[in-house]
Amino acid sequence: ANMKGEENLGAVVAHVLAFPCPAQGHVNSMLKVAALLALYDVRVTFLNTDYVHKRLARFGDIDTLVACYPTIQFKTISDCFTEEEHPGIGDRIGDVLNSMNLHAKPLLRDILVTEKVTCIIADGVFGSLTNILARELGITILHFRAVSACSIWSYLCFPKLLECNELPIRGDEDMDRIISNTPGMENLLRCRDLPSMFRPNRKGRLMSIESVVFQTQQSLQADAFILNTFEDLEIPVLSQMRLHFPKIFTIGPLHHHLSLRKSAANKAASLPNDANSLKGNLFQVDRSCMVWLDAQPERSVIYVSFGSVALITREELLEIWYGLVNSKKRFLWVMRPDMITEKVGEDQIPVELEEGTKDRGFVVEWTPQDEVLRHKAIGGFLTHSGWNSTLESIVAGVPMICWPYFADQQINSRFVSEVWKLGLDMKDVCDRNIVEKIVNDLMVHRKEEFLKSAQKMATLAHNSVIEGGSSYSNLDDLIHYIKSTAL
Ligand code: UDX
């Protein structure tokens with residue numbers, strides 16, 4: 001540690017073990033929680049799987065991170081997969097979680113004991129494992145989930161929905177049936193809007209719905225629950241959840257909260273502003289798109305990104321591509337090399353798509369997304385409705401077209417379109433004519449309407465993380481709570 005680090009460590013008493021779910025959207029959120037705590041002199045041991053840590057060390061700029069937050073240290077734990085057999089950080093994440101829930105206990109116990117941890121903040125996907133260890137060792141246990149409150153609540157409603165015969169979903173023809181026994185979101189969700197694990201034919205190798213429900217229920221037994229959301233966004237659902245949880249701290253949107261708190265801390269210490277230095281990338285960022293964006297007219301570009309996990313077939317890719325090109329709108333598209341399930345050779349791309357892209361499009365493998373969304377050239381976001389992407393879009397005041405892939409994305413997109421009125425939901429449809437129409441609806445015909453509600457929500461998001469806001473005071477309470485674990 002540098003001089004400043006040693007000084008800080010002297011004053012630090014509480015020691016948190018942060019144990020994230022080993023995937024992009026979860027590691028970067030947990031890092032923000034860790035950074036927020038570190039700003040207030042809480043010591044954090046951040047525990048990654050070896051596999052994730054290697055990627056974070058390669059793409060995530062750990063040196064800058066440690067220099068900015070000297071009270072965070074990194075440790076790693078095996079996920080019990082060999083390098084050759086590793087399922088990666090993609091849509092087989094369920095295999096990694098199952099393996100860790102089965103095998104990681106002795107390794108985790110060792111770390112907790114050696115590091116003299118006073119408080120665990122575990123991702124709720126490790127609910128049962130971390131609850132058992134915390135009880136055994138007498139350590140405070142907090143759970144964190146990087147997803148929406150509405151998705152968590154839907155998992156908790158599962159037993160009741162089974163009991164009243166609203167579940168299981170009986171196949172494709174049953175998808176538009178309305179679900180009612182979901183307090184706080186009654187008669188809002190169709191079967192297709194429930195998280196994808198509720199479906200008989202789910203995409204990706206996630207955990208089964210029974211395991212997700214079981215792990216989510218474990219969070220009811222944790223000492224408190226931390227969520228990356230804010231009161232004004234999800235209050236009806238949060239009020240229902242509070243009838244069951246001992247304590248819920250909503251401290252989001254985390255990226256914006258951290259950026260404001262870090263700027264303030266730097267200013268107070270007369271340090272240069274590095275508030276947006278924490279990215280937690282597990283992929284190589286390509287900044288070339290920022291130069292391209294600078295040259296585009298205001299609010300003219302639709303940003304297309306399906307996050308770090310979603311896969312897309314060649315057929316779907318071409319439908320969306322045709323839709324975008326035929327819409328005649330400008331677009332910036334993130335195509336991860338590992339995203340397409342079949343190889344698309346360059347010679348196989350139809351000429352009209354190549355030309356349309358050359359004229360109005362820009363394709364990139366991984367962007368600095370939060371910066372992209374805040375760029376003035378961006379007018380809309382075609383997204384898979386991952387929770388981080390949704391919050392980043394909300395803070396930037398950018399309307400969305402939702403094309404959810406799996407998990408919580410199905411319910412997030414319902415809230416985006418029907419509750420918050422921040423855009424349009426295209427779930428379960430992939431047709432070039434519909435893509436063309438929906439892009440024009442968002443970017444032209446209903447532009448003003450969506451921009452207005454997006455700007456209103458952006459203001460609510462901002463107000464929640466400034467002094468006096470709900471997330472702001474909840475974070476203060478959380479820090480106080482965590483510091484008391486060292487007494
Ligand atoms: C996962 C799950 O899939 C999602 O359902 C859940 O809500 C959170 O965890 P992911 O699919 O990667 O995450 O989506 P998302 O939550 O949106 O997170 C992606 C992150 O990667 C965002 O913070 C986004 O800014 C970042 N990103 C994405 C980039 O920085 N550059 C890109 O080009 C694309």
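Each value in this text was obtained by applying a stated rule to the coordinates, not by laboratory testing. Note that the structure is a prediction, hence the values are computed from the model and not measured. Cβ sites come from the backbone with ideal geometry, for glycine too, and all protein chains shown count toward neighbours.
Please compute the contact order of segment 274-370 in relative form: average sequence separation of alpha-carbon pairs under 8 Å and at least six residues apart, divided by the residue count, as a percent. Before the final figure, lay out the partial values.
On the way: 93 pairs, mean separation 38.4, N = 97.
About 40 percent, as a whole number.
Report the gain in length on full extension from S180 to D63: 0.36 nm times residue separation, minus Cα-Cα distance, nm rounded to one decimal. The partial results should precede the final answer.
On the way: separation 117, 0.36 × 117 = 42.12 nm, distance 4.97 nm.
Result: 37.2 nm gained on full extension.
Provide, for q = 0.10, 0.13, 0.14, 0.15 Å⁻¹, the log10 of I(q)/I(0) from a solvent-free Debye sum over equal Cα point scatterers in segment 78-201.
Values returned for q = 0.10, 0.13, 0.14, 0.15 Å⁻¹ are -0.46, -0.72, -0.80, -0.87.
Across segment 1-130, how many lysine pairs separated by 8 or more positions, or lying on different chains, have Cα atoms within less than 22 Å?
Lysine pairs meeting the criterion: 9.
Measure of size requested: the Rg and Dmax of the chain, with Cα atoms as the atom set and Å as the unit; please supply both.
Values for the chain (Cα only, Rg and Dmax): 21.9, 68 Å.
For segment 181-324, what is the largest minus smallest coordinate of the Cα atoms on each principal axis, given in angstrom and ordered from greatest to least?
If we take the Cα atoms of segment 181-324, the spans are 52, 50, 28 Å.
Which value in deg cm²/dmol, rounded to the nearest 500, describes the helix-derived mean residue ellipticity at 222 nm for the chain, given -39,500 (n - 2.57) per DSSP H run of n ≥ 4 and division by the residue count?
Working: 20 runs with 219 residues, N = 487.
Estimated from H runs of four or more residues: -13500 deg cm²/dmol.
Between K328 and D274, with labels modelled 7 Å along Cα→Cβ, what's the label distance in nm to one decimal, could you check?
It works out to 4.8 nm between the two label points.
Considering Cα pairs under 8 angstrom that are at least six residues apart, work out the relative contact order of the chain and quote it in whole percent. Walk me through the numbers on the way to the answer.
Working: 891 pairs, mean separation 82.0, N = 487.
It rounds to 17 percent for the chain.
So what J values fall out for segment 371-378 if you push phi through Karplus, 6.51 cos²θ - 1.76 cosθ + 1.60 with θ = phi - 60°, rounded to Hz, Gly and Pro as x?
Karplus values, whole Hz, x for Gly and Pro: 5, 4, 5, 8, 6, 5, 6, 7.
Quick one: which residues, 5+ away or cross-chain, put their amide H under 5 Å from the amide H of V363? H built at 1.01 Å from N.
Long-range HN contacts for V363: W333.
Specify the inter-centroid distance of segment 275-324 and segment 188-258, based on alpha-carbon positions, in whole Å.
27
How much space per residue, in cubic angstrom, does the convex hull of the C-alpha atoms of segment 163-233 take up? Can you show the working numbers first?
Working: hull volume 9.4 nm³, N = 71.
Once divided by residue count, the hull of segment 163-233 is 132 Å³.
Given the C-alpha atoms of segment 328-390, compute the convex hull and give its volume per residue in Å³.
Working: hull volume 6.8 nm³, N = 63.
Per-residue hull volume (Cα only) is 107 Å³.
In nm², what is the average projected area of the convex hull enclosing the Cα atoms of segment 334-487? Before the final figure, lay out the partial values.
Numbers: hull surface 49.3 nm².
For segment 334-487, averaging the hull's shadow over all directions gives 12.3 nm².
Kindly give the semi-axes, whole Å and largest first, of the ellipsoid equivalent to segment 211-250, taking each as the square root of 5 times a Cα gyration tensor eigenvalue. The partial results should precede the final answer.
Numbers: eigenvalues 64, 23, 19 Å².
Result for segment 211-250: semi-axes of 18, 11, 10 Å.
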